[in-house]
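I have placed the structure first, in the form of structure tokens, so that the comments after it can refer back to it.
The values are calculated or read from the model by the stated rules, or taken from the named source; none is laboratory data. Values in this document were obtained by computation on a predicted structure and should not be read as measured data. Because the Cβ atoms are built from the backbone with ideal geometry, glycine has one as well, and the counts that use them run over all protein chains shown.
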Amino acid sequence: MMGKRLSTWIILVFCASVLTSCLSRPERLRTTLPSSPSSSVRNNPSSGNIFNKYADIIGVDAKDLKNYELYRYIDEWMGIPHRLGGQDKRGIDCSAFTNHLILDVYGKTLPRTARDMAEVVKRKYENQLKEGDLVFFNFDGKTFDHVGVYLGNNKFVHVSTSKGVIISDLKEPWYWKYFSRAGSVL
């Protein structure tokens, strides 16, 4: 009897820890895009296509998008599945994706976890956010357990446990309810 209770308790603790990881929540309105080949903006006459594609998703004019490397990078990762502790294209979690993006696109290094990232950003209000800023969320009463990268017009790229790398809307009620901090590392 005691052994069965202990086994049940261990299973419950394990399940709870898995379910409270990087965005283990229901997903709603999301955008998943097919990958496209990467190349330099100078050698890519279709670079306007990436800008047009992401301008449509974000809801801005293509001419307002300036950072080709950012959108090329997102395009390469779009749809890559979530994997807790993952750090490559076989599967990645939210903080690893954010870390890679900021390093590869902007050349800045960040701590490994969302919680530690939240401590090093220069804090901003949501109405001050610019492309490349970080947005943090508190789910399940945990402090800064999810992070994404702001793109503009309330859209941000992040890793969903069910959809992988996606673009979502910060003002969507689910995210807005748990939005807890934003800041810049740039």
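Quick notes
- Selection status of Gly59, at pLDDT 95 or above, within 20 Å of Val135 (Cβ to Cβ) and loosely packed, with under 13 Cβ neighbours inside 10 Å: yes
- Checking each residue in segment 53-69 for being of a type in the set (A, V, I, L, M), in a helix (DSSP H, G or I) and touching a residue at least 24 places away in the same chain (Cβ under 8 Å) picks out Ile57, Ile58.
- Of the set (1) surrounded by fewer than 18 Cβ atoms within 10 Å (Cβ to Cβ); (2) more than 27 Å from Gly59 (Cβ to Cβ), all apply to Glu126 but (2).
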